[in-house]
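This is the structure I have questions about; it appears just below.
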Amino acid sequence: TNANIAVVGLAVMGSNLARNLASREGNTVAVYNRTTAKTDDLLAAHPEAGFVKAATMQELADSLQTPRTAIIMVKAGKATDAVIDELVSVFEPGDIIVDGGNALFTDTIRREAAVRETGIHFVGCGISGGEEGALNGPSLMPGGTAESYATLGPILRSIAAVAEGEPCVTHIGTDGAGHFVKMVHNGIEYADMQLIAEAYDLIRRGTGKSPAEIADVFDEWNQGELESYLIEITAEVLRQVDADTGKPLVDVILDAAGAKGTGAWTVQTALDLGVPVSGIAEAVFARSLSSKLAQREAASDLPGPAEAWKVDDADAFIEDVRQALFASKVVAYSQGFDEIVAAAEEHGWQIEKGEVARIWRAGCIIRARFLNDITEAYATTPELPALILAPYFRDIMAATQQAWRRVVVAAAQAGIPAPAFSSSLSYYDGLRADRLPAALVQGQRDFFGAHTYRRIDREGTFHTQWSGDRTEIEATDTH
Ligand code: 2AM
């Protein structure tokens, strides 16, 4: 009984996380996998890790100091439920079960409530950074009780990525808060990737630059305020040459983007919460559209603009695109944080927004220089009505919005899809609008459904008697 942490599920993510844990001072790691051969393989491949092998769940429980802590790294869904049940049967009150998989946060809320009945803690922990992050330092987003974090926190801090001397982990909030924030992280990642892809497409089609030349542009952008992991890897992908054909790899990859569902979850959840995450939604839909190969083939003869497009001043256009990317990116993050705020209110989570940005600065896919500015914005003004309204981000919007408009206009005229750029701009203009045509929508709703409306000049709820004499009455039912 000398291990302080266990990993259950030894596929690549689990194995890498176990190795990461074992490499840190003070940790002794017990490992278990349903198929024991995998456990044996891991032990044979990494004798330096000093793993404690458990052939059964009971052996696993017996090998752990109390309170026991086990991190589950199996497929999300049924497998996770099965492993939780097995662990509950061998653990005792006070022990901690951590789900490090990509669970839907509502599943985590359900599981936490069920496991809590037994006196065992259940922590849903978002883990970002992929296989590389799991091995060398991920960004960690644990939920669950504060009490369980007292035990779990030091272990997680030992393996997390480090940004400016601080581990990228914080107790996000209770029950499903960690998996929720991980989900929004992925949604923002979708938006970020789509925006970068649109920037690439516009530059390529507007200037005729090659993928390798555009890689140089991204490298340059990566020296400035857009510095981020996704910009960095974009340059690498664009520079890659296909060995078979000698063409840029990006030109031989089928242009149908896949998805594993977390982006869609982010949007579905936002719809339920009534939060407009339009940038993230466009990114998810852009992947869906790209994958409709038969429809795209059938539609390929639909007419486009009459004239071919080429920008006059390539450098000026590229700078415009950079600014459009930055502005749209601010919108995507602002929308993502709006979703976090709304869910925190709905589920009673105390989520520190600045802390969320802080732990995304290293280890995870959306790591970026820009996250420092988000942390700072929330540190200065914790109750910002929207991230985009922080002084620093207001300045960015002021500096970029004209270029952003030029890019969206150019894209529309050239017939190049830029759904994330253009929808983010519409969001921005919608948010800042003095009056919205929502007034007309309210009138329409009142016309056909007597849904009533409020007035700008006095309190109350009103209805126009559309099918009668069209006089206005004060509605009694104020919903
Ligand atoms: P296996 O090696 O025995 O298949 C990713 O698939 C990981 O999840 C693997 O470690 C796999 O174990 C594990 N896994 C999948 N379904 C499982 C289940 N129902 N019970 C336990 N582990 C499971």
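Which condition breaks for L271 when tested against (1) more than 30 Å from E213 (Cα to Cα); (2) touching a residue at least 12 places away in the same chain (Cβ under 8 Å); (3) open to solvent by 50 Å² or more (accessible area, probe 1.4 Å)?
Status for L271: all satisfied but (2).
Okay, moving on. Taking the conditions exactly as written (under 25 Å from K260 (Cβ atoms), in contact with a helix residue (DSSP H, G or I) (Cβ under 8 Å, 6 or more places away or on another chain) and more than 9 Å from the ligand (Cβ to nearest atom)), does V90 satisfy them or not?
On the way: under 25 Å from K260 (Cβ atoms): no; in contact with a helix residue (DSSP H, G or I) (Cβ under 8 Å, 6 or more places away or on another chain): yes; more than 9 Å from the ligand (Cβ to nearest atom): yes.
So V90 does not fit the description; no.
Now a separate question. Are any residues in region 172-209 surrounded by fewer than 24 Cβ atoms within 10 Å (Cβ to Cβ) and touching a Pro at 6+ places or on another chain (Cβ under 9 Å), and if so, which ones?
Those that are surrounded by fewer than 24 Cβ atoms within 10 Å (Cβ to Cβ) and touching a Pro at 6+ places or on another chain (Cβ under 9 Å): Y200, D201, R204.
Kindly provide the set of residues from region 329-368 that are more than 15 Å from the chain's Cα centre (by Cα) and either among the aromatic types (F, W, Y) or under 18 Å from M397 (Cβ atoms) (or both), ordered by number.
Selection gives W349 alone.
Criterion first (surrounded by fewer than 22 Cβ atoms within 10 Å (Cβ to Cβ), in contact with a Leu (Cβ under 9 Å, 6 or more places away or on another chain) and either aliphatic (A, V, I, L, M) or part of a helix (DSSP H, G or I) (or both)) does D373 satisfy it?
Judged against the criteria, D373 is not a match.
I need the full set of residues from region 11-33 which are touching a Ser or Thr at 6+ places or on another chain (Cβ under 8 Å) and open to solvent by less than 10 Å² (accessible area, probe 1.4 Å), in order please.
Listed by number, the residues that qualify are L21, A30, V31.
Quick grid of which residues meet (1) open to solvent by less than 50 Å² (accessible area, probe 1.4 Å); (2) at pLDDT below 95; (3) under 30 Å from E166 (Cβ atoms); (4) within 19 Å of the chain's Cα centre (by Cα):
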site	(1), (2), (3), (4)
D85	no, no, no, no
V90	yes, no, no, no
T106	no, no, no, yes
R110	no, no, no, no
T118	no, no, no, no
C125	yes, no, yes, yes
G130	yes, yes, yes, yes
A134	yes, no, yes, yes
P142	yes, no, yes, yes
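Tell me yes or no: at least one residue of region 24-34 is over 21 Å from F122 (Cα atoms), within 16 Å of the ligand (Cβ to nearest atom) and not in a strand (DSSP E or B).
no
In region 56-78, which residues are more than 26 Å from A146 (Cβ to Cβ), within 13 Å of the ligand (Cβ to nearest atom) and open to solvent by 40 Å² or more (accessible area, probe 1.4 Å)?
Listed by number, the residues that qualify are T56, K75, K78.
The conditions are (1) out of contact with any helix residue (DSSP H, G or I) (no Cβ under 6 Å at 6 or more places or on another chain); (2) more than 16 Å from the ligand (Cβ to nearest atom); (3) under 26 Å from G94 (Cβ atoms), and E48 fails exactly one of them. Which is it?
(3)
Further question: Collect the residues in region 411-427 that are buried (at least 20 other Cβ atoms within 10 Å of the Cβ) and in a helix (DSSP H, G or I), keeping them in residue-number order. Working first, answer last.
Taking region 411-427 as the starting set, the residues that turn out to be buried (at least 20 other Cβ atoms within 10 Å of the Cβ) are 411, 418, 420-425, 427.
Result: A411, A420, F421, S422, S423, S424, L425, Y427.
Same structure, new question: Among residues belonging to region 241-253 that are surrounded by fewer than 16 Cβ atoms within 10 Å (Cβ to Cβ) and touching a helix residue (DSSP H, G or I) at 6+ places or on another chain (Cβ under 8 Å), point out the one that is farthest from L202 (Cα to Cα). Steps first, please.
Here is the first cut: in region 241-253, the residues surrounded by fewer than 16 Cβ atoms within 10 Å (Cβ to Cβ) are 241-247, 251-253.
Okay, now just the ones that are also touching a helix residue (DSSP H, G or I) at 6+ places or on another chain (Cβ under 8 Å), so 241-242, 251.
Values: V241: 21, D242: 23, D251: 15 Å.
Result: D242.
(1) in contact (Cβ under 8 Å) with a residue 60 or more places away in the chain; (2) within 20 Å of R68 (Cβ to Cβ); (3) within 12 Å of the ligand (Cβ to nearest atom): which one isn't true of L21, the others all being true?
(3)
Given the options A379, A398, name the one that is out of contact with any Pro (no Cβ under 6 Å at 6 or more places or on another chain) and modelled with pLDDT of 95 or more.
Values: A379 fails: modelled with pLDDT of 95 or more.
Exactly one of A379, A398 is out of contact with any Pro (no Cβ under 6 Å at 6 or more places or on another chain) and modelled with pLDDT of 95 or more, namely A398.
The values are calculated or read from the model by the stated rules, or taken from the named source; none is laboratory data. In this text the structure is predicted, and so the values were computed from the model without any measurement. FYI the Cβ positions are ideal-geometry reconstructions off the backbone, even for glycines, and counts take in every protein chain you see. All accessible areas refer to the heavy atoms of the entire protein, side chains included, with ligands and DNA or RNA removed. Shrake-Rupley method; radii C 1.70, N 1.55, O 1.52, S 1.80 Å.
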